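The values are calculated or read from the model by the stated rules, or taken from the named source; none is laboratory data. Owing to the predicted nature of the structure, the values given are computational and were not obtained by experimental measurement. Cβ: placed from backbone, ideal geometry, glycine included. Neighbour counts: every protein chain shown. Remember, those area values only see protein heavy atoms, side chains included, never the ligands or the DNA or RNA. Shrake-Rupley method; radii C 1.70, N 1.55, O 1.52, S 1.80 Å.
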Amino acid sequence: MSRTLEALEKVLAYGARRLSSTADSPVAAASSIEKLRSALDLPLPADPLGPELVTQHLIDEAGPGMVFSAGGRFFGWVMGGTLPAALAADWLVSLWDQNAAITATSPGAAVIEEVAGRWVKELLGLAADASFAFTTGCQMSHTTCLAAARHSLLADAGWAVERRGLFSAPPIRIVTGSQKHASVERSLRLLGFGLDALRIVPEEDDGTISEEDLRSALAREEGPAIVILNAGDLNIGAFDRFSSLIPIAKQAGAWVHVDGAFGLWLRASRERRHLVEDIDLADSWATDSHKWLNVPYDSGIAIVRHPAAHRAAMTVQASYIAPGEGVRDAIDWTPEWSRRARAVPTYAALRELGASGLADLIDRTCDLTHRLATGIGALDGAVLLRDPQINQALVRFEDERAGASADDGDRRTDRVIELVNAGGSAFFTATTWRGRRAMRISLCNWQTNEADVRRVIRSVAQAIAEAGRA
Ligand SMILES: *Cc1c(COP(=O)(O)O)cnc(C)c1O
């Protein structure tokens with residue numbers, strides 16, 4: 001047996017064990033940082049070691065330090081699992097080890113990427129002639145889309161930004177709501193807009209921005225503007241009202257970008273599509289495959305309504321690049337040069353699910369979120385902060401002793417989360433929402449089922465009881 005095969009067989013055997021023991025593996029990492037360091041922090045290897053031994057060491061020593069976010073009882077941050085075909089495709093990507101920069105380096109990857117891009121646009125109901133890029137994640141999708149926006153707005157103002165840079169360019173304002181994701185800010189920093197370019201529109205009670213506030217923010221100053229709207233914020237899954245907000249922004253000449261890291265997939269839903277009605281009127285959209293589509297990391301997607309601006313912002317020329325004839329070269333659309341064939345797992349996920357399977361996945365995870373959030377909210381000492389409309393919810397745990405304060409409730413909330421996570425049957429993360437601690441419920445995994453929901457509600461009830469005894 002070849003050494004490569006020996007190493008791979010170890011992974012396959014481990015994978016079969018790990019994935020089949022879904023029901024009982026602890027969700028949080030089983031190992032501590034100290035233990036991981038003592039096993040992994042070895043002196044720089046001076047001599048070679050067989051690949052099967054290297055692999056076995058990783059499985060045995062690093063494995064216990066991995067969070068079981070691929071399983072069905074992980075509700076932290078916004079993280080998807082991985083569909084079987086997407087996982088297999090991801091392994092193929094490494095096996096093929098293609099450089100998917102240009103068609104010449106991988107015709108197979110180039111064609112898959114073309115098709116995957118077309119499927120995504122069709123599924124999301126976005127313009128068929130929009131351009132796209134498969135990026136490392138939504139953060140780099142923002143960067144790609146906002147670079148296209150920067151090109152377009154400054155070209156309109158007579159400024160060739162790719163040549164002249166930003167130092168003396170006409171200023172561009174970035175108008176967005178207070179619930180924007182921090183990745184938007186980093187994109188603005190990377191692109192040279194700077195955080196001072198932000199004009200924050202206050203959030204309404206429902207987590208969105210209002211028509212009047214957007215209109216007055218745009219009218220307050222002259223000059224080019226980018227408006228960034230949310231399709232699903234992290235706390236309550238709020239959706240800006242695209243039908244009315246996008247026309248207001250367009251009328252002011254702004255470029256409209258949508259952060260739809262997970263929420264854009266609601267376009268594929270049967271029951272909740274109204275939340276993303278008219279989102280196709282925007283100029284660019286950033287989303288992820290590695291969240292709700294259940295594709296392994298790292299898989300983001302940028303889609304731009306104006307291919308010429310997108311290409312102008314991203315294209316490169318070098319004497320040794322042979323342009324693809326009649327085939328799209330990814331390097332013209334992405335921020336990277338060499339890159340893995342990262343569209344392949346998205347292609348595989350979309351084939352495995354089909355449009356109907358994706359609709360089922362989206363609506364089922366929303367329904368289960370509702371059941372889980374209302375089930376936890378009905379427990380003594382728990383408060384459901386918002387009736388969830390998608391797959392994101394917030395609950396809080398109050399300290400019910402006489403005279404207990406809201407600060408005690410903050411501490412109780414953190415304590416309950418800690419106890420649930422330590423118990424190993426589920427994993428949640430905390431947030432501060434409108435000044436108070438809350439437990440986030442974020443359910444993106446294709447595997448989560450009713451039995452998981454019942455089991456998790458029971459563990460939360462136990463944790464509440466235990467926190468109350470302490
Ligand atoms: C996760 C997330 C991002 C960042 O996406 P990455 O894929 O981690 O780069 C941006 N916006 C929202 C709303 C998100 O949930």
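The table below lists the values:
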item	result
Candidates Ala461, Ala451, Ala426, Ala467, filtered to the one that is closer than 27 Å to Ser356 by Cβ and open to solvent by less than 70 Å² (accessible area, probe 1.4 Å)	Ala451
Given (1) more than 25 Å from the chain's Cα centre (by Cα); (2) under 16 Å from Gly232 (Cβ atoms), number of the condition Cys366 does not satisfy	(1)
The range 410-424 residues that are within 20 Å of Gly65 (Cβ to Cβ), paired with ones that are of a type outside the set (A, V, I, L, M, F, W, C) and open to solvent by 30 Å² or more (accessible area, probe 1.4 Å) (beta carbon under 8 Å, 6 or more apart)	Gly423/Gln462; Gly424/Pro26
In the range 231-246, residue surrounded by the most Cβ atoms within 10 Å (Cβ to Cβ) [restricted to those that are away from the ligand (no atom under 11 Å from the Cβ) and in a loop (DSSP other than H, G, I, E, B)]	Asp240
Looking only at the range 413-435, and only at residues there that are in contact with a helix residue (DSSP H, G or I) (Cβ under 6 Å, 6 or more places away or on another chain) and of a type outside the set (A, V, I, L, M), the one that is farthest from Ala393 (Cα to Cα)	Gly423
Among (1) over 26 Å from Arg270 (Cβ atoms); (2) at pLDDT below 95 - the single one Gly72 does not satisfy	(1)
Selected residue [assigned to a loop (DSSP other than H, G, I, E, B) and surrounded by fewer than 23 Cβ atoms within 10 Å (Cβ to Cβ)] from Arg386, Arg364, Arg351	Arg386
Subset of the range 359-372 (residues that are more than 22 Å from Trp91 (Cβ to Cβ) and of a type in the set (A, V, I, L, M))	Ala359, Ile362, Leu368, Leu372
Flag for Gly468 being part of a helix (DSSP H, G or I), over 24 Å from the mean Cα position of the chain (by Cα) and modelled with pLDDT under 95	yes
Hits in the range 247-295 (condition: open to solvent by 10 Å² or more (accessible area, probe 1.4 Å), in contact with a Phe, Trp or Tyr (Cβ under 9 Å, 6 or more places away or on another chain), part of a loop (DSSP other than H, G, I, E, B) and more than 21 Å from Ala130 (Cα to Cα))	His290, Lys291
Options Ile174, Ile209: the member that is assigned to a loop (DSSP other than H, G, I, E, B) and open to solvent by less than 10 Å² (accessible area, probe 1.4 Å)	Ile209
Exclusive hit being away from the ligand (no atom under 16 Å from the Cβ) and without any contact (Cβ under 8 Å) to a residue 40 or more places away in the chain, set Val175, Val201	Val201
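Here is a yes/no grid of residues against (1) at pLDDT 95 or above; (2) within 16 Å of the ligand (Cβ to nearest atom):
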| site | (1), (2) |
| --- | --- |
| Leu87 | yes, no |
| Trp96 | yes, no |
| Ala104 | no, no |
| Glu122 | yes, no |
| Gly125 | yes, no |
| Ala133 | yes, yes |
| Cys145 | yes, yes |
